[in-house]
Amino acid sequence: MPNRGSVLRSLCLFPLIVSQKAKVRRNNGQKSPTKPKAAQLDRISILPDEIICHILSFLPTTEAVTTSVLSTRWRSLWTLVLTLDFDDNWPCFFNTTFASIFGSILAQHKAKCIKRLCLYNYSKPFSLDLIGSLVSTAVAQNLEEMDLICNYYFEVTLPNTLFTCKTISVLKLSLGLTINLNNISSIHLPSLKVLHLDVLYLVDDESIMRLFSGCPVLEELCYEEVKSNNSTSFKICVPSLKKLHLKCHDKRVQVVTPSLEYLQVQETKVHDSLVGNLPNLLQAHADIYFDQHEKEYVFNFFNAIRQTKFLGLSTYTIEALTDASFGFPEFHNLVHLQLCLSTIDSCSLIQLLLARCPKLEILDIDKVYEESERKWTQPTAPVPSCISSHLTAFKFREYGGSKYELELTKYILKNAKVLKTVTVKMAKWLEPNKTSHAMTKLDSLLSSSKYCRLANYQILCQDFP
């Protein structure tokens, strides 16, 4: 998406540049040569309304309004933009007529529909009546997307019409809002596919379950730090859900989403029934924690995601699993494994995990810098079959050039018989002379045919996808 500031500057400066060039010619006392008519035209202003309005949609509404002073051509273009994007970063916010100014903008808005409504409130709370008015107006004009972010803890009763809107497909509510759905008589959002609930407080659990049940085609859910008064357990039961981001410290939450394809669990404590079986899972990112007596729950969690083709484990998760001497189920479909390591001494865990990934093709190691690095110990157990028979790509991010990192790389090269590509990204914190020395050693190792024949290898100083 284009940068909003750059969009506005380019729109505003174009007429100014033309004007300044004409002034220079006059000051030099030179007669301006006759130019072709096409060269004198404002090339932006002759674009169709639809294209100009699309450009303006990337700007906050208050900035889009300011383009009306550019010329008569631009005077009313902002009223046709399909996006209403309001924030409190505006001098008029501290004026008592702030609500009336928004009302004036809404009154002049001529677009037949509102594709997206964004309300960002970071400094001062919006009037509840103003929020209700904006939402109701947008819903009446076939609203498709709404993003409401408030940095103040107050209760919001959103209009009934929002929860029966037939056109809305994206709804994002976040930052400090208390949502009360008890007064909402009916919840039916037949087109809603993306729902983000981020740092919210719900009056009760029944409200959130009613919301889920009223979204028959929901495909993406972000459920992060949502709290309520109740103490009973409840389920995130959405049969159509394909993508879930979960950040939750609440032991009561149970995820029942059999169609899920993407799962990201962040800073979440594992309990006995956190996630049900996910037979269609393609990608899983795990950032979990647990008590030592809860190993059985952890096994159940990994058993539920065992069908995934991609698995990413966070630094904290790997440390916890290493200390717990944990066993894994077999990941029959896993082809890409990403490990974030604070040290590289987790050889026993890595060895155990690799032994449970018989079809692994890509091993991706992302090492987090740590000053007191512990050493890598060469494994004594047999080389996992995935390393010797299936691994085709090895990636190492934040490579620091230590002896033990070199030994780990050498272990992979020595045992990966079908390895084709190696990509190493040097650590950003490494001093230039040490970077050069480490790169020289790596290049010597990778270019050697002693271990395997690589089709391609790269040693990079910048990041890679």
- Query: Which stretch or stretches of region 288-302 have amide N atoms under 15 Å from the point lying 7 Å from GLN254's Cα along the Cα→Cβ direction?
  - Reply: 301
- Query: Distance in nm between label sites at ASN280 and GLU50, each 7 Å beyond Cα in the beta-carbon direction?
  - Reply: 3.4 nm
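How high is the FRET efficiency between LEU460 and PHE299 when r is their beta carbon distance and R₀ equals 30 Å, given to the nearest 0.05?
Working: r = 37 Å, r/R0 = 1.25.
In this case the efficiency is close to 0.20.
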- Which distance in nm do the two modelled labels at SER186 and THR72 give, with both placed 7 Å along the Cα-to-Cβ direction? 5.0 nm
- Item | Computed label-point distance, nm, for sites GLU267 and ALA140 using a 7 Å Cα→Cβ extension | 4.1 nm
- Message: Under 37 °C and 0.692 mPa s, how fast does region 273-334 diffuse according to Stokes-Einstein, given a Kirkwood radius computed over C-alpha pairs? Answer in µm²/s, whole number.
- Response: 276 µm²/s
- Task: Take the Cβ-Cβ distance between SER388 and ASP129 as r, set R0 to 45 Å, and report the resulting FRET efficiency rounded to the nearest 0.05.
- Result: 0.10
- Message: Which entries of LYS395/LYS428; LYS112/LYS172; LYS193/LYS235; LYS112/LYS166; LYS367/LYS403; LYS243/LYS309 have Cα-Cα distances beyond 21 Å here?
- Response: LYS112/LYS172
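What are the chymotrypsin sites (Phe, Trp or Tyr not before Pro) within region 387-428 that DSSP puts in a loop, where the Cβ has at most 12 other Cβ atoms within 10 Å? Working shown, then result.
On the way: sites: PHE394, PHE396, TYR399, TYR404, TYR411; in loops: none.
Passing sites in region 387-428 do not exist.
Stretched out fully, how many nm does the piece from SER240 to ASN160 gain, at 0.36 nm a residue minus the Cα gap? Mind showing how you got there, number by number?
Numbers: separation 80, 0.36 × 80 = 28.80 nm, distance 2.42 nm.
26.4 nm is the gain from fully extending SER240 to ASN160.
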- What is the Cα centroid distance between region 392-462 and region 242-272, reported in whole angstrom? 36 Å
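Bear in mind that the values in this text are calculations on the coordinates, not laboratory data. The shown structure was predicted, so the numbers you read here are calculated from the model rather than taken from an experiment. Every residue, glycine among them, receives a Cβ derived from its backbone with ideal geometry; neighbour counts consider all protein chains shown.
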